[in-house]
Amino acid sequence: MPDMKTLLLATCALSGAAILAQTSMPPAHYMSAEDIARGIEQTSGDRPGMAVGRFINNDDYRINMIHRTEAAGAIIHEVGTELHYIVDGGGTLVTGGTIVRPADGGRATVEGGTAQQVSAGDAVLIPEGTPHWYSAVNGSVTYLEVRF
């Protein structure tokens, strides 16, 4: 007779398989580097200083390749932890603190946050509810953004 741990693992595996069978979720989502680059090129005019190559965006997670050529306004995601993996370039990422919105409607900034220089190969995990802001870009910065 199987032990309790084996029964529990088998039950979890069968439950997971049943849930997957009920959804139309594919076993994987593949997008080539060329597809992502094309997505970045197609959106380069949408926002000044920023282009987005959308990989997948749904209710559970968002995966994008972001290319910035200039600093952006500070933002906060009340729902969704975010991972930035820097693939090219670099800049200054400010996290934490408080978002300050100028009365004249200019770009929001962060006051009292922690500034960190980021460059290719670095990864930053930004918990939900945390203000963040690329206050400076060194030429450009490209990063894989995963929000879940």
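The values are calculated or read from the model by the stated rules, or taken from the named source; none is laboratory data. Model, not experiment: these values are computed from the prediction. Cβ coordinates were reconstructed from backbone atoms using ideal geometry, including for glycine residues, and neighbour counts include every protein chain displayed. SASA here: full protein model, heavy atoms, side chains in, ligands and nucleic acids out. Shrake-Rupley method; radii C 1.70, N 1.55, O 1.52, S 1.80 Å.
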Neighbours by Cβ (under 6 Å, 6+ apart or cross-chain): first from the stretch 79-93, over 22 Å from GLY139 (Cα atoms) and open to solvent by less than 10 Å² (accessible area, probe 1.4 Å); second in a strand (DSSP E or B) and among the hydrophobic types (A, V, I, L, M, F, W, C):
GLU82/ILE126
Filter result for the condition that a residue is closer than 28 Å to ASP35 by Cβ, more than 11 Å from the chain's Cα centre (by Cα) and open to solvent by less than 40 Å² (accessible area, probe 1.4 Å), over ALA72, ALA120
ALA72
Just for the stretch 94-105: of the residues that are without any contact (Cβ under 8 Å) to a residue 24 or more places away in the chain and among the small types (Gly, Ala, Ser), which one is farthest from THR142 (Cα to Cα)?
ALA103
Residues that are in contact with a helix residue (DSSP H, G or I) (Cβ under 8 Å, 6 or more places away or on another chain): find the strands (runs of 3 or more DSSP E) completely inside the stretch 50-136 holding 1 or more of those.
50-57, 62-68
Every pair of residues 6+ apart whose Cβ atoms lie under 9 Å, when the first sits in the stretch 119-146 and is closer than 15 Å to ILE66 by Cβ while the second is charged (D, E, K, R) and open to solvent by less than 20 Å² (accessible area, probe 1.4 Å):
VAL124/GLU82; ILE126/GLU82; HIS132/GLU82; GLU145/GLU82; VAL146/GLU82
